[in-house]
Ligand code: FE
């Protein structure tokens, strides 16, 4: 596996799944989790007691970050011993001893997994080992996860976020965390449904449209004049005619595919986790006829921050 195969950046942060905790004062805690961390950002530091890199660079980085935000409500910290090797050494006792050793008044967890064969947090967060830093943003999305963090850059980033204050997404605008929740928990009820068989779709569509919309195909980048079209109007599903996007939300992403920042209404587009082609992506479909439209990414413009990357063959301008 390469470094890129680790971590779950841009995904919803799962619950930590750690059963054994000490509180900030070193006393046993019955339970602790993300809901107990009220800061806008959360930083989870994963270590093992016998890991030289954890002591050489991991803990010093954590201490630098903690000192910078000691009295700030911006960020909460927790450290977890995520044990995946040398179980006889990386015991709870030795893990917890680091709280005093580094004088860190933050909750410490010990996680050798529910059956003692390996850290549950590590599996949930697909961590690459130790040290491992996980930064979770105010929407509950994993912003960053890696062996190393540039403390100075992160401090600047968080101070900037602190100065700007909370910038809530306007009501009715779906953001990335909302997309991830729909993909995980289920999509809104469609306003209506159209379900046809392949024979009927083939009769209604060109072969290229059929391939993209009914077989999850992707048209070549820069293959459609629709990318450069910025006239007012609406973009409808090429299969069922339901209006999906307004031209006002279309923008020039330079990706080679028509791009939008939001759907016309919350119930016309559906979202699905898509692990094809070795990537973790969110597929978008027409919520009325299930036509494959394209994907949505968290790198679009404000206010939604979304980029709906849609095949022109799945759309008709109206
Ligand atoms: Fe449709």
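Select from the range 287-301 the residues that are touching a helix residue (DSSP H, G or I) at 6+ places or on another chain (Cβ under 6 Å) and near the ligand (Cβ under 8 Å from one of its atoms) and list them in ascending order.
291
If you take the residues in the range 268-286 that are more than 15 Å from the ligand (Cβ to nearest atom) and within 29 Å of residue 204 (Cβ to Cβ), which one is surrounded by the most Cβ atoms within 10 Å (Cβ to Cβ)?
282
Give the residues of the range 220-257 that are within 16 Å of the ligand (Cβ to nearest atom), part of a loop (DSSP other than H, G, I, E, B) and closer than 12 Å to residue 308 by Cα, sorted by residue number.
none
Which members of the range 34-53 meet the condition of being under 30 Å from residue 180 (Cβ atoms) and either out of contact with any strand residue (DSSP E or B) (no Cβ under 9 Å at 6 or more places or on another chain) or assigned to a helix (DSSP H, G or I) (or both)?
Residues satisfying the conditions are 34, 35, 36.
Pairs please, first residue from the range 160-175 and surrounded by 10 or more Cβ atoms within 10 Å (Cβ to Cβ), second anywhere and at pLDDT below 70, Cβ atoms under 9 Å, 6+ apart in sequence or on different chains.
161/167; 175/169
Restricting attention to the range 145-154, which residues are surrounded by fewer than 17 Cβ atoms within 10 Å (Cβ to Cβ) and either assigned to a helix (DSSP H, G or I) or touching a residue at least 60 places away in the same chain (Cβ under 8 Å) (or both)?
Residues satisfying the conditions are 148, 152, 153.
So is residue 260 touching a helix residue (DSSP H, G or I) at 6+ places or on another chain (Cβ under 9 Å) and within 16 Å of the ligand (Cβ to nearest atom) or not?
Yes.
Return the total of residues in the range 222-239 being closer than 26 Å to residue 189 by Cα and either touching a helix residue (DSSP H, G or I) at 6+ places or on another chain (Cβ under 6 Å) or crowded, with 22+ Cβ neighbours inside 10 Å (or both).
Matching residues across the range 222-239 total 5.
Assess whether residue 194 counts as being modelled with pLDDT of 90 or more, within 16 Å of the ligand (Cβ to nearest atom) and surrounded by 12 or more Cβ atoms within 10 Å (Cβ to Cβ).
The answer is yes for residue 194.
Can you confirm whether residue 204 is out of contact with any helix residue (DSSP H, G or I) (no Cβ under 8 Å at 6 or more places or on another chain), at pLDDT 95 or above and closer than 24 Å to residue 274 by Cβ?
For residue 204, the condition - out of contact with any helix residue (DSSP H, G or I) (no Cβ under 8 Å at 6 or more places or on another chain), at pLDDT 95 or above and closer than 24 Å to residue 274 by Cβ - is not met.
Considering only the range 167-184, I want to know if a residue exists there that is part of a loop (DSSP other than H, G, I, E, B), over 26 Å from residue 273 (Cα atoms) and either within 15 Å of the ligand (Cβ to nearest atom) or at pLDDT below 95 (or both).
There is at least one residue in the range 167-184 that is part of a loop (DSSP other than H, G, I, E, B), over 26 Å from residue 273 (Cα atoms) and either within 15 Å of the ligand (Cβ to nearest atom) or at pLDDT below 95 (or both).
The values are calculated or read from the model by the stated rules, or taken from the named source; none is laboratory data. For clarity, every value in this text was computed on a predicted model and none was experimentally measured. Every residue, glycine as well, gets a Cβ built from its backbone with ideal geometry; the counts of neighbours run over all protein chains shown.
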